[in-house]
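The values are calculated or read from the model by the stated rules, or taken from the named source; none is laboratory data. If you're wondering where the values come from, they're calculated on a predicted model, not measured in any experiment. As a convention, Cβ positions derive from the backbone with ideal geometry for all residues, glycine included, and neighbour counts pool all protein chains shown. Protein only, heavy atoms only, side chains kept; ligands, DNA and RNA dropped before computing areas. Shrake-Rupley method; radii C 1.70, N 1.55, O 1.52, S 1.80 Å.
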Amino acid sequence: MIKAVIFDLDGTILYSLPDIYQAIQVALLKHHCDAVTIDAVKDALGSGVHHLIDKVTHACSLETKKEVLKTYETYYTSSPTRYSKPYDGIIELLHMLKHHHIKIGVASNKSQALVEIMINTYFKAYVDAYRGDIFGKPKKPNPEMLIDVMHQLSVSKEEIIYIGDSEQDILAAKEIGCQHIMVSYGYRHINTLKQYHPDDIVHSVKTLKESLERIMYGSN
């Protein structure tokens, strides 16, 4: 019996790309690095901020990369919610889950402080437990943070469905052995997701809701 649904954050329930891209542009410009496209930033998301900065500053020196990281974190932390918004239909989906007494968790490679800001800004009424990136602890695809959220929710792997949008999400879910659904409307191309053979891939919040209903309630 499913008792909880755990979500990735960026690219799954929250469209955060515009704010991240704005902060990247500010940081690259300040430190005289080459500009990057929004698609390049999108492709670099999912593995945490250090991976993101390394990808968008690949031609820069190590010292410059460190300065870009500092500027990015300062700018983004000061203004992470200017353009971000939940994907259309996500609030209704979360409301449906709560109505059916399903617990809701979030496990994200975003920093713990930023995850807390995003949850409190957009999803406070719905999310029961969350974990972000904490210094010294592994990120996805290591399953530790997902296991942490499961413990907070007092559920087992057989009692959850995990929803994400990246290969890191698929690998973490497979390591645990829990049911999982990937969304193709997020920050990874569907062909990338298919290479990792997830349980299911859906293409919209509407079809995500339908898939969850089928699994949990046997709806057609």
Given Y130, Y162, Y126, Y122, which one is open to solvent by less than 10 Å² (accessible area, probe 1.4 Å) and of a type in the set (S, T, Y)?
Y162
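Return yes when G11 is of a type in the set (G, A, S) and at pLDDT below 95 and no when it is not.
Numbers: of a type in the set (G, A, S): yes; at pLDDT below 95: no.
The answer is no for G11.
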Cross-chain or 6+ apart pairs with Cβ under 9 Å, region 3-27 first and more than 18 Å from V205 (Cα to Cα), then assigned to a strand (DSSP E or B) and not basic (K, R):
K3/I160; I20/D10
Would it be correct to say that Y126 is in contact with a helix residue (DSSP H, G or I) (Cβ under 8 Å, 6 or more places away or on another chain), touching a residue at least 24 places away in the same chain (Cβ under 8 Å) and over 26 Å from H197 (Cβ atoms)?
yes
Among the residues that make up region 184-194, is at least one of them more than 15 Å from the chain's Cα centre (by Cα) and small (G, A, S)?
no
Identify the residue in region 24-39 that is open to solvent by less than 50 Å² (accessible area, probe 1.4 Å) and in a loop (DSSP other than H, G, I, E, B) and, among all such residues, is farthest from E63 (Cα to Cα).
V36
Can we say S16 is touching a strand residue (DSSP E or B) at 6+ places or on another chain (Cβ under 8 Å) and either within 26 Å of G136 (Cβ to Cβ) or among the basic types (K, R) (or both)?
yes
If we ask which residues in region 187-206 are open to solvent by 40 Å² or more (accessible area, probe 1.4 Å) and closer than 16 Å to H95 by Cα, their number turns out to be 1
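Return yes when I170 is open to solvent by 10 Å² or more (accessible area, probe 1.4 Å), within 24 Å of D88 (Cα to Cα) and under 16 Å from the mean Cα position of the chain (by Cα) and no when it is not. Steps first, please.
Numbers: open to solvent by 10 Å² or more (accessible area, probe 1.4 Å): no; within 24 Å of D88 (Cα to Cα): yes; under 16 Å from the mean Cα position of the chain (by Cα): yes.
For I170, the condition - open to solvent by 10 Å² or more (accessible area, probe 1.4 Å), within 24 Å of D88 (Cα to Cα) and under 16 Å from the mean Cα position of the chain (by Cα) - is not met.
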Of all the strands (runs of 3 or more DSSP E) wholly in region 111-197, which have at least 1 residues that are of a type in the set (S, T, Y)?
129-133, 160-164
Taking the criterion of being farther than 28 Å from I147 by Cα, buried (at least 19 other Cβ atoms within 10 Å of the Cβ) and not aliphatic (A, V, I, L, M), would at least one residue in region 42-59 satisfy it?
yes
